[in-house]
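Asker: Here's a structure for you.
The values are calculated or read from the model by the stated rules, or taken from the named source; none is laboratory data. All values derive from a computational prediction rather than experimental measurement. With ideal geometry, Cβ positions are generated from the backbone for all residues, glycine too; neighbour counts draw on all protein chains shown.
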Amino acid sequence: MERSEEYIKNERKQEWRVELQKLTKAKDRMAVERVEMTEMAPEERIKSQRVEVNVGLTKEEAMREATRCMDCVNPTCMEGCPVSINIPKFIKNIERGNILEAASVLKETSALPAVCGRVCPQEVQCEQRCFYVEKLNLPSVAIGHLERFAADFERESGVISVPELAESNGVKVAVIGSGPSGLSFAGDMAKLGYDVTVFEALHEIGGVLKYGIPEFRLPNAVVDVEIENLRRMGVKFITNYIVGQTASLDDLKEEGYKAFYVGSGAGLPRFMNIPGENSNGIMSSNEYLTRVNLMGADSEESDTPILRGKNVVVVGGGNTAMDSVRTAKRLGAERAIIVYRRSEEEMPARVEEVHHAKQEGIEFLTLTNPIEYIADENSRVKQIKVQKMELGEPDASGRRRPIPMEGSEYTIDATVVVVAVGVSPNPLIPNSVEGLEVSKWGTIEVVKDKMQSSIPEVFAGGDIVRGGATVILAMGDGRKAAKNMNIYLQEKYLSNKVEH
Amino acid sequence: MNKIVEKENFSEKVVKIVVEAPLIAKARKPGNFVIVRVGEKGERIPLTIAGADIAKGTITIIVQKMGVSSTKLCQLEVGEYVTDLVGPLGKPTEIHNVGTVLCCGGGVGVAPLLPIVEGYKKAGNRVITVIAARSKELLILEDEMRKHSDELIVMTDDGSYGRKGLVTEGMEEVIKREKVDECITIGPAIMMKFCSLLTKKYEIPTMASLNSIMVDGTGMCGACRVTVDGKTKFTCVDGPEFDAHKIDFDEMMSRLGGYKEEENDKMDHFQN
């Protein structure tokens, strides 16, 4: 659980760490070049939705990369991690070849290390705060690649450790939604000795990790192993259960649940409200990705249909847009095109995703915005009328505001259009729980850093609070909520004073 | 996994299934629907709830064989299991005592209409129900409807039972005869469109319950979007009932065919 600064400093003074520190000179550490992740060849990987793009590091590569880490006295990288992974400790375990120990260090604070190693934007978190970046202006230690390596190594070894659990305290807590936020929360609460049940609306556990992120970035099997790990920690999962609809929060209270964590995620997909947008062939990225990722519609064996097209246009510039357009390519599109209203520089997608997309032959029409959809006689979209944009002054998001260029309209042929311009919070929980304070955007209001809502026994985090963010920020919220819910429950039900 | 405890073939294409779902049986209200999935490769499909038995912990769904998924569901026998069942979903029908209510159902739309008829009757309304089918064999729930309605009018397209004609003919007869305060219509989209046009003429507030394409049913996918009063709404969380006079039925009908070719391919694959 939470490790104090002093604890972390003392750990650094352990004999094996000191030995490692002495073993290689700083100069020699710095002389090692950052490892390159091996990737599947683009022409091979676009043949299947289920071939992972990044292959992973070998043990030799990982151990060499781990020597680059300076085991800093003041590990700033940890400040960049929303779930406070003890980064030097796990990396030094890799350096000494004790990979299973490295994996168990990850699990001290992260319920989903194999997931985070794949989908976290490390380049703007831990890696951005790495000594190499902050002080040397050199490429950071490949923390993300190493995290993935350790988690994969453990999974493939079959020797999977279960984190240390506190003695059961018998207090029942419910988690609403089994996405990254809920899973992270569940893991921490199980470690603290709570009786945790996760309620999921869909038929599969994992939330966005299953329905959203494609298997070429995050294989479902990897997610399942992490979920199995939580099961082994005693976490219970109930699918096909919509809290607020199947049963109310009050019903669950009657069943003995003392507190709730709402991680119900972003629900409603946003559309642009332009003419023709409800024509057939135009869908949200949620729909498109759910059909393929959750329902397996790319396979002929699946009963769920999917629309394929020669020309597919995806509107948006985030990770979801990249996931959608790369999925379209894998479903056989000859032209798979991103249409984005700002320039590439402002794209919210990870640089790696844009890079991978370009390798796969994705076309980018930046500074371009759809203004109308034109349908055929069967109401199926056939063309998109777009308008060119130019960048003006920065707006509230700090990015330069796109301004339409008069008279620049033209049309693009497309029979499938995927709209990936963001989501609004899922309304089911806010609508069904009386007394829950909700913002004008529909997000649940919480006390910052405590994640406690206007109802004391209800905590919330992830997209239902943030409106839309990353897997790791959602997980960080889950950890914060667990810490604070523990304080709340200890004082209320277990008559223990807890240091705040 | 939910066990099927009772099954009745209403006709070659229409099947009644009673399935174990104790929490849904308790929570459901008229107007709600469920999402069902059959088999590990199964599709998630929305189906309306025709009834529930809280004591037995079961709900009743009535299914018409249309594509692969509904056919697979209809092929399940008593003792077998539905792979996934989730609900109740959607906003329930707003039932008040308004006076006289005209309830109009066509085809399998009669099934979800039944709990609504019961609800209106219980709320103290005078309930006149018009149910319609292409022919006698396809008519469902006649006795149940008669039991909960003050008056039941049966219409068949071919005149093989009840009166010959469309549902709207039965409706208009009632509207001309007495004051109707509210109307609700559930059935094929084209039927609801003409019901709506009729009651608009007579300025009778009318609700229609839509059966759009859905994937998750919880607001996430947006496949079920429909234009109501010029604005895009999601049938799953904003509906399934909307003010019929404001629904763009033509768009709705075209959107129901949004996956037609792909669904036909799946059906060919399934049958061969």
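Asker: State whether the residues of segment A:333-341 include one that is among the small types (Gly, Ala, Ser) and away from chain B (no Cβ under 13 Å). Walk me through how you get there before you give the answer.
Answerer: In the first step, residues of segment A:333-341 are kept if they are among the small types (Gly, Ala, Ser); the result is A:333, A:336.
Of the ones still in play, those that are also away from chain B (no Cβ under 13 Å) are A:333, A:336.
There is at least one residue in segment A:333-341 that is among the small types (Gly, Ala, Ser) and away from chain B (no Cβ under 13 Å).
Asker: OK, next. Report, by residue number, each residue of segment A:27-67 that is of a type outside the set (Ser, Thr, Tyr), surrounded by 13 or more Cβ atoms within 10 Å (Cβ to Cβ) and more than 27 Å from the chain's Cα centre (by Cα). Steps first, answer last, please.
Answerer: Let us first name the residues in segment A:27-67 that are of a type outside the set (Ser, Thr, Tyr), namely A:27-37, A:39-47, A:49-57, A:59-66.
Narrowing further to those that are surrounded by 13 or more Cβ atoms within 10 Å (Cβ to Cβ): A:29-30, A:32, A:34-35, A:37, A:39-40, A:42, A:45-46, A:49-54, A:56-57, A:61-66.
A:Arg29, A:Met30, A:Val32, A:Arg64 - these are the residues of segment A:27-67 that are of a type outside the set (Ser, Thr, Tyr), surrounded by 13 or more Cβ atoms within 10 Å (Cβ to Cβ) and more than 27 Å from the chain's Cα centre (by Cα).
Asker: Mind telling me which of the residues B:Val63, B:Val78, B:Val98, B:Val38 ends up being within 13 Å of chain A (Cβ to nearest Cβ), farther than 18 Å from B:Gly239 by Cα and not polar (S, T, N, Q)? Write out each step before concluding.
Answerer: Working: B:Val63 fails: within 13 Å of chain A (Cβ to nearest Cβ); B:Val78 fails: within 13 Å of chain A (Cβ to nearest Cβ); B:Val98 fails: within 13 Å of chain A (Cβ to nearest Cβ).
Just a single option satisfies the conditions, and that option is B:Val38.
Asker: Continuing with the same structure: Do any strands (runs of 3 or more DSSP E) entirely within segment A:329-426 hold 2 or more residues that are aliphatic (A, V, I, L, M), and if so, which?
Answerer: Values: elements: A:335-339, A:363-365, A:368-375, A:381-394, A:400-404, A:410-413, A:416-419, A:423-425.
Strands (runs of 3 or more DSSP E) meeting the threshold: A:335-339, A:368-375, A:381-394, A:416-419.
Asker: Among residues belonging to segment B:224-238 that are part of a loop (DSSP other than H, G, I, E, B) and out of contact with any Cys (no Cβ under 8 Å at 6 or more places or on another chain), point out the one that is nearest to the other protein chains (Cβ to nearest Cβ).
Answerer: First, pick out the residues of segment B:224-238 that are part of a loop (DSSP other than H, G, I, E, B): B:224, B:229-230.
Okay, now just the ones that are also out of contact with any Cys (no Cβ under 8 Å at 6 or more places or on another chain), so B:229-230.
On the way: B:Asp229: 14, B:Gly230: 10 Å.
Out of the qualifying residues, it is B:Gly230.
For (1) at pLDDT below 95; (2) under 20 Å from A:Arg64 (Cα atoms); (3) surrounded by fewer than 24 Cβ atoms within 10 Å (Cβ to Cβ), each residue gets a yes or a no:
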{"residue": "A:Gly97", "(1), (2), (3)": "no, yes, yes"}
{"residue": "A:Pro113", "(1), (2), (3)": "yes, no, no"}
{"residue": "A:Pro139", "(1), (2), (3)": "no, yes, yes"}
{"residue": "A:Phe149", "(1), (2), (3)": "no, yes, no"}
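Asker: Next question, about the same structure. From the list A:Ile371, A:Ile429, which residue is touching an Asp or Glu at 6+ places or on another chain (Cβ under 9 Å) and within 25 Å of A:Leu289 (Cα to Cα)? Break it down stepwise before answering.
Answerer: Numbers: A:Ile429 fails: touching an Asp or Glu at 6+ places or on another chain (Cβ under 9 Å).
Of A:Ile371, A:Ile429, the one residue that is touching an Asp or Glu at 6+ places or on another chain (Cβ under 9 Å) and within 25 Å of A:Leu289 (Cα to Cα) is A:Ile371.
Asker: Another question about this same structure. Could you list, in sequence order, the residues of segment A:360-402 that are surrounded by 15 or more Cβ atoms within 10 Å (Cβ to Cβ), more than 14 Å from A:Ile274 (Cα to Cα) and of a type in the set (Ser, Thr, Tyr)?
Answerer: Across segment A:360-402, the qualifying residues are A:Thr366, A:Thr368, A:Ser379.
Asker: Could I ask something else about it? Looking at segment A:446-462 only, could you name the residues that are assigned to a loop (DSSP other than H, G, I, E, B) and without any contact (Cβ under 8 Å) to a residue 12 or more places away in the chain?
Answerer: Of all residues in segment A:446-462, those assigned to a loop (DSSP other than H, G, I, E, B) come to A:446, A:448-451, A:453-457, A:461-462.
Residue satisfying the conditions is A:Lys448 alone.
Asker: So which residues in segment A:307-317 are surrounded by fewer than 24 Cβ atoms within 10 Å (Cβ to Cβ) and either modelled with pLDDT of 95 or more or among the charged types (D, E, K, R) (or both)?
Answerer: The initial filter retains those residues of segment A:307-317 that are surrounded by fewer than 24 Cβ atoms within 10 Å (Cβ to Cβ), namely A:308-311.
Result: A:Arg308, A:Lys310, A:Asn311.
Asker: While we're on this one: Got a sec? Which of B:Val237, B:Val226 is at pLDDT below 95, surrounded by fewer than 24 Cβ atoms within 10 Å (Cβ to Cβ) and among the β-branched types (Val, Ile, Thr)? Write out each step before concluding.
Answerer: On the way: B:Val226 fails: at pLDDT below 95.
Checking each option against the conditions leaves just B:Val237.
Asker: Name every residue in segment B:200-223 that is more than 15 Å from the chain's Cα centre (by Cα), touching a residue at least 60 places away in the same chain (Cβ under 8 Å) and either outside any loop (DSSP other than H, G, I, E, B) or within 14 Å of chain A (Cβ to nearest Cβ) (or both), in order of residue number.
Answerer: Of segment B:200-223, the ones more than 15 Å from the chain's Cα centre (by Cα) are B:200-206, B:215-223.
Checking which are touching a residue at least 60 places away in the same chain (Cβ under 8 Å) leaves us with B:204, B:215-218.
Result: B:Val215, B:Asp216, B:Gly217, B:Thr218.
Asker: Then there's this: Hey, does segment A:293-304 have a residue that's under 29 Å from B:Ile247 (Cα atoms), surrounded by 22 or more Cβ atoms within 10 Å (Cβ to Cβ) and touching a helix residue (DSSP H, G or I) at 6+ places or on another chain (Cβ under 7 Å)?
Answerer: Taking segment A:293-304 and keeping what is under 29 Å from B:Ile247 (Cα atoms), we get A:304.
Retained after the next criterion (residues that are surrounded by 22 or more Cβ atoms within 10 Å (Cβ to Cβ)): A:304.
Pick out the ones that are also touching a helix residue (DSSP H, G or I) at 6+ places or on another chain (Cβ under 7 Å) and you get A:304.
Looking through segment A:293-304, at least one residue is under 29 Å from B:Ile247 (Cα atoms), surrounded by 22 or more Cβ atoms within 10 Å (Cβ to Cβ) and touching a helix residue (DSSP H, G or I) at 6+ places or on another chain (Cβ under 7 Å).
Asker: Then there's this: I'd like the residue in segment A:253-309 that is closer than 24 Å to A:Ile176 by Cα and in a loop (DSSP other than H, G, I, E, B) and, out of all such residues, is farthest from the other protein chains (Cβ to nearest Cβ).
Answerer: If we take residues in segment A:253-309 being closer than 24 Å to A:Ile176 by Cα and in a loop (DSSP other than H, G, I, E, B), then A:Gly256 is farthest from the other protein chains (Cβ to nearest Cβ).
Okay, residues lined up against (1) over 26 Å from A:Val55 (Cα atoms); (2) not aromatic (Phe, Trp, Tyr):
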| residue | (1), (2) |
| --- | --- |
| A:Phe199 | yes, no |
| A:Leu209 | no, yes |
| A:Gly212 | no, yes |
| A:Ser248 | yes, yes |
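Asker: For segment A:44-63, check the following and say yes or no: at least one residue is under 30 Å from A:Ala333 (Cβ atoms) and in a helix (DSSP H, G or I).
Answerer: To start, the set of residues in segment A:44-63 that are under 30 Å from A:Ala333 (Cβ atoms) comprises A:44-56.
This time we only want the ones that are in a helix (DSSP H, G or I), so: A:44-45.
Yes, segment A:44-63 contains a residue that is under 30 Å from A:Ala333 (Cβ atoms) and in a helix (DSSP H, G or I).
Asker: Restrict the check to segment A:327-334 and report whether at least one residue is surrounded by fewer than 18 Cβ atoms within 10 Å (Cβ to Cβ) and under 17 Å from A:Ser48 (Cβ atoms).
Answerer: Within segment A:327-334 (the criterion being surrounded by fewer than 18 Cβ atoms within 10 Å (Cβ to Cβ) and under 17 Å from A:Ser48 (Cβ atoms)), the answer is yes, since at least one residue qualifies.
Asker: Can you list the helices (runs of 4 or more DSSP H) found entirely within segment A:67-109 that contain at least 2 residues being more than 18 Å from A:Pro121 (Cβ to Cβ), among the acidic types (Asp, Glu) and outside the structural domain of A:Met233 (by the TED database)? Don't jump to the end; show me each part of the working.
Answerer: Numbers: elements: A:76-79, A:87-95, A:99-109.
Where helices (runs of 4 or more DSSP H) fall fully within segment A:67-109 and carry at least 2 residues being more than 18 Å from A:Pro121 (Cβ to Cβ), among the acidic types (Asp, Glu) and outside the structural domain of A:Met233 (by the TED database), they are A:99-109.
Asker: I've got another one for you. For B:Glu263, are the conditions met, namely being facing chain A (nearest Cβ under 9 Å) and either surrounded by 14 or more Cβ atoms within 10 Å (Cβ to Cβ) or under 20 Å from A:Asn431 (Cβ atoms) (or both)?
Answerer: Numbers: facing chain A (nearest Cβ under 9 Å): yes; either surrounded by 14 or more Cβ atoms within 10 Å (Cβ to Cβ) or under 20 Å from A:Asn431 (Cβ atoms) (or both): yes.
Answer is yes for this residue.
Asker: Pick from segment A:228-252 the residues that are among the hydrophobic types (A, V, I, L, M, F, W, C) and assigned to a strand (DSSP E or B): which of them is farthest from the other protein chains (Cβ to nearest Cβ)? Lay out the reasoning, then the answer.
Answerer: Taking segment A:228-252 first, the residues among the hydrophobic types (A, V, I, L, M, F, W, C) are A:230, A:233, A:235, A:237-238, A:242-243, A:247, A:249, A:252.
Of the ones still in play, those that are also assigned to a strand (DSSP E or B) are A:237-238, A:243, A:247.
Numbers: A:Phe237: 14, A:Ile238: 10, A:Val243: 11, A:Ala247: 6 Å.
Taking the candidates together, the pick is A:Phe237.
Asker: Can you report the number of residues in segment B:245-256 which are free of Cβ contacts under 8 Å to residues at least 60 places away in the same chain and more than 7 Å from chain A (Cβ to nearest Cβ)? Spell out the reasoning first.
Answerer: To start, the set of residues in segment B:245-256 that are free of Cβ contacts under 8 Å to residues at least 60 places away in the same chain comprises B:245-248, B:250-251, B:254-255.
If we keep only those that are more than 7 Å from chain A (Cβ to nearest Cβ) too, we end up with B:245-248, B:250.
Number satisfying all stated conditions: 5.
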